[in-house]
Amino acid sequence: MEIYHILLFCGVMLLVSAFSNKISSKFNMPVLLMFLSIGMFFGSKTMGLIQISSATHAGAVNFLGTVAMCFILFSGGLNTSFRAIRRVLWRGVTLASFGVIVTALVLGFLAWGVIAAFGQPADLKTCLLLGALISSTDAAAVFSILRGRRSGLKGDLQPLLELESGSNDPMAAFMTLFFISLITGEQSFSLLAVPELIYKMGMGTVLGILIGFGGQYLFRIKLEYEGLYLVFGVGIVLLSYGVTELLGANGFMAAYVGGITMGNLRFHLKNSLEHFHDGLAWLMQVVLFTTLGLMVNPPELVSPRVWIPGLLLSAILIFVARPAAVFLSLAGSRYDWKEQLLVSWVGLRGAAPIVLATFPLVHHIQYAPMLFNLIFFMVIATVLLQGSTMMWLARWLDLAEAVNEKTRSPLELEITRENQSHEMFEFEIPENAPFVGTTIAKLGLPPGALILLLRRKDEFVSPHGNTQLQSRDGLLIMAETAVLEQVAKEFFPESNFHPLKNLDEVRASLARLRPGGFRPRRPSAD
């Protein structure tokens, strides 16, 4: 293939990807299906335009998948509000750890009998490896559906699902490598794996927090060209994974936690960094999904030796393994049976299981091609069923709610010097605010707080004293940092203005965490 053919193909793919989110929202499907299908169509076994083989290129695809997952997880964390996830932190962590283990074990034991029944005998270790490969929900798939539509989920369901999908890949990766080492004889089953797991996850979390604070410090350095700050952003992602893996911890966890940490700090050009990583994450999804599709031989997927056990295993995953993991993980929580049922249904699989399925190929595990084809088929089957019916089920259970379309802030928050005394921030008036319907003159903002601009839907309004405030209005307020914090505390207690800034605030916030969830203090009635 000539280079202009490759560039033409890539250009068309990127233009299509820019519209893919609309397609995803319309048909309730993650974009991964579109690009997996495109990769399968142009692959060596169909059109024959691009030659990629699962046997010979597994290492390169595994490397590409690892890099792509780091950027996808970092971007997902960067857009995650700590105020939202700390209400569901403990349950989300339980789903991302204990839930993954339950899913892998239940599916693995049941798969042992299913695979043997179709003339493909595999030992129990291989079947447990299959369960580990498909045990995690996919961050890219969940983010693209939950964040790409005008309808959302009630209560804390959306942050719970996003936290689980963003943080359960490290556990699945650990279990995958653990069962591979058992199969290859590099280690035997032992309780020593438990301290190793705790170290990998705990150290990955700690390093992610430290790297997030380090990233904030880098953005305080004055550079001659603002574009270099985006280079910082790329370097932070690569550094978070590389350093963490070098120390024997989990790099995926560090990338995700690092993104959450930076996303809840204030620094120069933060909005620009978020937009850049949003685009970069989309690019990584397109490249990754298309490449994974190129590795698949479609005739093998439709073979009875794949699609029949694949359908049975998909049914076991959807209706047995995933519900067992969710109901056990959320037992005794404030979530009722309807919410637990919906959480168990939103177990979307995607790129992460397919990327993990390249590890057995790299390690030349027996039955690795069979595992890869089964995982690929199960991903497509579960996404087709669960992705297309997720919001329908949410509405049937009365757990869906309309979400107002997010509009852009009129100005970006920029902090150019560490000792800068004044800041600007846009506060959105919630529907239940006690001052809805009053005028700006009667609002009673503290001295020194100046309303620069009022955003109403898609229009900007010049604020005056007699301007009547409406719900969902956006007020761009400029004041000293201490005054803005007072405004946020008294008038907008649910806003995300006051993010964590130093380790002392991290400790103070962690001390307030409790199983019942965090409830912000509301202003008094007067």
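The values are calculated or read from the model by the stated rules, or taken from the named source; none is laboratory data. Predicted model only: the values in this text are computed from it and were never measured. Glycine also receives a Cβ, built like all others from the backbone with ideal geometry; neighbour counts cover every protein chain displayed. Heads up: the accessible areas ignore ligands, DNA and RNA and are worked out on the full protein's heavy atoms, side chains in. Shrake-Rupley method; radii C 1.70, N 1.55, O 1.52, S 1.80 Å.
The table below lists the values:
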item	result
Inter-residue pairs, beta-carbon under 6 Å, first in contact (Cβ under 8 Å) with a residue 12 or more places away in the chain and closer than 12 Å to ARG455 by Cβ and in region 467-479, second open to solvent by 10 Å² or more (accessible area, probe 1.4 Å) and charged (D, E, K, R), 6+ apart	ASP473/ARG456; GLY474/GLU426; GLY474/GLU428; GLY474/ARG455; LEU476/GLU426
For ASN419: the one exception among (1) farther than 28 Å from LYS222 by Cα; (2) modelled with pLDDT under 80	(1)
Subset of region 237-249 [part of a loop (DSSP other than H, G, I, E, B) and open to solvent by less than 10 Å² (accessible area, probe 1.4 Å)]	ALA249
Restricting region 447-461 to residues that are at pLDDT below 85 and either of a type in the set (Gly, Ala, Ser) or in a loop (DSSP other than H, G, I, E, B) (or both), the residue that is surrounded by the fewest Cβ atoms within 10 Å (Cβ to Cβ)	ASP458
Elements of type helices (runs of 4 or more DSSP H) in region 141-231, at least 2 residues being at pLDDT 80 or above and touching a Gly at 6+ places or on another chain (Cβ under 6 Å)	157-167, 193-218
All positions within region 223-236 that are in contact (Cβ under 8 Å) with a residue 12 or more places away in the chain and either loosely packed, with under 13 Cβ neighbours inside 10 Å or not hydrophobic (A, V, I, L, M, F, W, C) (or both)	GLU226, TYR229, GLY233
Failed item, numbered, when GLY113 is tested on (1) in contact (Cβ under 8 Å) with a residue 24 or more places away in the chain; (2) of a type in the set (Gly, Ala, Ser); (3) open to solvent by 10 Å² or more (accessible area, probe 1.4 Å)	(1)
Residues satisfying the stated conditions in region 83-139, i.e. among the basic types (Lys, Arg) and farther than 21 Å from ILE354 by Cα	ARG83, ARG86, ARG87, ARG91
Subset of region 269-318 (residues that are surrounded by 19 or more Cβ atoms within 10 Å (Cβ to Cβ), of a type in the set (Val, Ile, Thr) and outside any helix (DSSP H, G or I))	VAL296
Inter-residue pairs, beta-carbon under 8 Å, first within 13 Å of GLY293 (Cα to Cα) and at pLDDT 90 or above and in region 356-376, second assigned to a loop (DSSP other than H, G, I, E, B) and open to solvent by less than 10 Å² (accessible area, probe 1.4 Å), 6+ apart	ILE375/ILE134; ILE375/ALA357
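Residue by residue, here is whether (1) over 19 Å from THR103 (Cα atoms); (2) buried (at least 22 other Cβ atoms within 10 Å of the Cβ) holds:
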residue: ALA325; (1), (2): no, yes
residue: ALA331; (1), (2): no, no
residue: ARG334; (1), (2): yes, no
residue: LYS338; (1), (2): yes, no
residue: VAL343; (1), (2): no, yes
residue: VAL346; (1), (2): no, yes
residue: GLY350; (1), (2): no, yes
residue: VAL355; (1), (2): no, yes
